[in-house]
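Inspection log for the structure reproduced underneath, given as structure tokens.
Rule-based calculations on the coordinates, nothing more; no lab input. On a predicted model such as this, the values are computed, not experimentally measured, just so you know. Positions of Cβ are generated from backbone atoms using ideal geometry, with glycine treated the same way; all protein chains shown enter the neighbour counts.
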Amino acid sequence: MQPPFIMRRKILHIKTRKDIILKENNVKAGERKPRKKINPERVKEKKVKEKKPFQLKKAPVKARGKVILPPSASITREQEEAVLPVTKKAKKERRVKNAVRIIFLGGVGEIGKNMTALECGDDIIIIDAGAIFPTEEMPGIDLVVPDLTYLIENKKKVRGLILTHGHEDHIGGVPYLLKDLDIPVAGTQLTLALVDNKLREHRLNNVKTITVAPGGHLQFDCFKIDFINVNHSIAGALALAIHTPQGIIFHSGDFKIDLTPVAGEPIDLKTISELGAKGVLLYMGESTNIERPGYTMSETVVGSTLDRLVEENAERRIIIATFASNVHRLQQIIDLAARHGRKVALNGRSMLNVVEAAEKIGELHIPDGAIIDISRTKNMRDSEVLIVCTGSQGEPMSALHRMANGENPNLSVGNNDTIIISASPIPGNERGVYSVINNLYHLGADVVYERIQNIHVSGHACQEEHKIMHNLLHPKFFVPVHGEYRHLMKHSQLAQSLGMNERNIFIPDLGNCLEVTSKSIKKLADIPAGSRLIDGEGIEDEKASLVMQDRRQLAQEGIFIVSVCVSGGEVIGEPVINSRGFVFDFHRDYNKEMREVINKAIGGYDLSSGTVDELKRVIKKALRNYLVRKTKQSPMVVPVVVEL
């Protein structure tokens, strides 16, 4: 209890203050203070009164994180904000500048043409530059590569290209990228050797290359990249640990966990675990085999199966189709051929290029005299020959495809051939692969493929391997990459089953731009992305390609060419009509009806006061309307006017 004199002091203080307040307001206790009367004229004056502009007297003065602006000069609020370098808004902008932006240019929502850009401030690095084979909806196209619009618009920021490995879906677009960007290319020995073949083919001779190896490091301004060994179906495959101002971004590349590889070291799980212990901000993990449970088999399984098949077919000629880039499998095939007393002949340009490049850098070891020219096989017994060729994906111009169609000048398939397809169809290629198998059976060959023998193992991780990677890295955020949308969604679900919050996972699509900081991940506005179609030396944007629209129309509907002659401002003679790819009802005389339609259109147009171009439009419209009405088809109509 407080002493009495303190309590009295408080009471007196309160009483005195109350009396003062009542006295000032001239109000007796218990009564309300009357409201002030409002003068409407003064209110009107206040509304009309102009607001004085903000004035500056002196330069801005910093005081405890604030800026004091004296009013001696007239400025707008926008100008005021512009001179506030230490306000909260400016601090926020500086933090955003240090954020990392991830731009998805390929390899998400699709299998192939992998390309991702990372941007921080004024620096951009590119991970992979792949290609993909055209689909049936792209008639006449040779190759499909990512749209480079964003990179070309920001070419001054681009510091370099990093390649995770040497497969076509990761390096196939490199020449087309380097035609627009003068940047260095980093990769392992074999990867750069395969790229070099492409650069020479495209006559790109002054490209700077940087050879890296597992355990090495590379600095591109604000990005420091550590290279980590992983197992894949090609030598020299890497994962990337990218150190940024916001934290570590781990990019898996294509990988599997193979503890008994045919050559090289197992995946570097120790380094991956150490990175996880330090703290990984973002994991970008490949998703190709995410639908498969369990573990991917080791490459050594394939060697055992192939050895048994060669022994079982001792008196027959053996042809093995496989990926040219799978150097470890090629090494096993060369070794088993030597054990069984067979010479190896190579068929297919890419196969020859890969073997030459791999042998040059020491990735492939070939005994003296083990490989012979394909032309020599015609004079040898079937039991002495083993042919290795391209075409495991049913590619139209590959060696195996030409064999199946009887078009290969070096080989004719017969009853004494055993053909082993040591690969599984990439999603989308199934129809082409099975068409080749059917044709080979028609020619009398015995065909062995993955569904009936263990003659192929994937280079991609299955579900249990992905779980190991997630648990070792324990990332704050996760973005699945390298797969169709269903693969990315499955990988997202796997991450959630391991305890990751759904809010920390982002499923990307082409053109998405993602901003990552040490505390957040969010989607920004999309950027231009898609595909560029390579047709010989020509390049087309898939979305805006009139050429592709014309080709699809020609393929689906056919074409009509109408030729008329003009002399002295008049049409002379009868129109000549030619068609291709159009099915007629032979019970009707369409030619007669079409000529009547065209003559009527010409007769209704006054050429003397018009133009030839307008006459073409009149003919085209009349014939197209007739064909749609009579045949329910809409072929391409091309009028040709010859002026005499």
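Here are some notes:
- Per DSSP, loop GluC sites (Glu not before Pro) in region 362-420 with at most 11 further Cβ within 10 Å: 407
- P(r) tail for region 481-595: Cα pairs beyond 24 Å make up 62% of the total.
- When Rg and the Kirkwood radius Rh are both evaluated on Cα atoms of region 443-545, their ratio Rg/Rh stands at 1.13.
- Average silhouette area of region 372-458, convex hull of alpha-carbon atoms, in square nanometres: 5.9 nm²
- Of the trypsin sites (Lys or Arg not before Pro) found in region 526-635, those that fall in a DSSP loop while having at most 13 other beta-carbon atoms within 10 Å are 543, 588, 632.
- Summed side-chain charge close to residue 377 - residues other than residue 377 whose Cβ falls under 15 Å, Lys, Arg +1, Asp, Glu -1: +3
- With 10 Å bins beginning at zero, the pair-distance distribution over Cα atoms of region 492-554 amounts to 17, 29, 22, 18, 13, 1 %.
- Local net charge near residue 206, Cβ-Cβ under 14 Å (Lys/Arg +1, Asp/Glu -1): +2
- Counted charge near residue 478, where neighbours are those whose Cβ lies closer than 14 Å (Asp, Glu -1; Lys, Arg +1): +2
- On the beta carbon distance between residue 518 and residue 205, with R0 = 35 Å, the FRET formula returns roughly 0.25.
- Pairs exceeding a 31 Å alpha-carbon distance, out of 155/523; 224/522; 113/632; 198/519; 113/224: 113/632; 198/519.
- Close amide H partners of residue 289, meaning residues 5 or more places away or on another chain with modelled amide H under 5 Å apart, are 461.
- Computed across region 125-205, the Kirkwood radius stands at 13.1 Å (inverse of mean 1/r, all Cα pairs).
- Alpha carbon Rg of region 397-505, scaled by the compact-globule rule 2.2 N^0.38 Å: 1.56
- About the Cα centre, charge dipole magnitude for region 177-285 (Lys/Arg +1, Asp/Glu -1 at Cβ), debye: 160 debye
- Each Lys and Arg Cβ is given +1 and each Asp and Glu Cβ -1; about its Cα centre, region 270-320 then shows a dipole of about 160 debye.
- The base-10 log of I(q)/I(0) for region 345-409, evaluated at q = 0.13, 0.26 Å⁻¹, reads -0.41, -1.19 [Debye formula, identical scatterers on Cα atoms, solvent excluded].
- Loop-located trypsin sites (Lys or Arg not before Pro) across region 371-440 with a Cβ neighbour count of 11 or fewer within 10 Å are 381, with loop assigned by DSSP.
- Alpha carbon convex hull of region 284-435, volume per residue in cubic angstrom: 142 Å³
- Between the C-alpha center of region 274-291 and that of region 528-572 there is a gap of 46 Å.
- For the pair region 506-523 and region 168-219, the centres of their Cα atoms are 27 angstrom apart.
- Largest first, the extents of the alpha carbon coordinates of region 282-336 on the three principal axes equal 54, 23, 16 Å.
- For the pair region 431-498 and region 355-376, the centres of their Cα atoms are 30 angstrom apart.
- Each of 602, 579, 569 was placed along the dipole of region 566-617 (beta-carbon charges, centred on the mean Cα), and the one lying farthest toward the positive end is 579.
- Cα extents for region 99-234 along the principal axes, largest to smallest and rounded to whole angstrom: 43, 31, 30.
- Cα centre as origin, Lys/Arg/Asp/Glu Cβ charges: region 171-232 dipole, Debye: 160 debye
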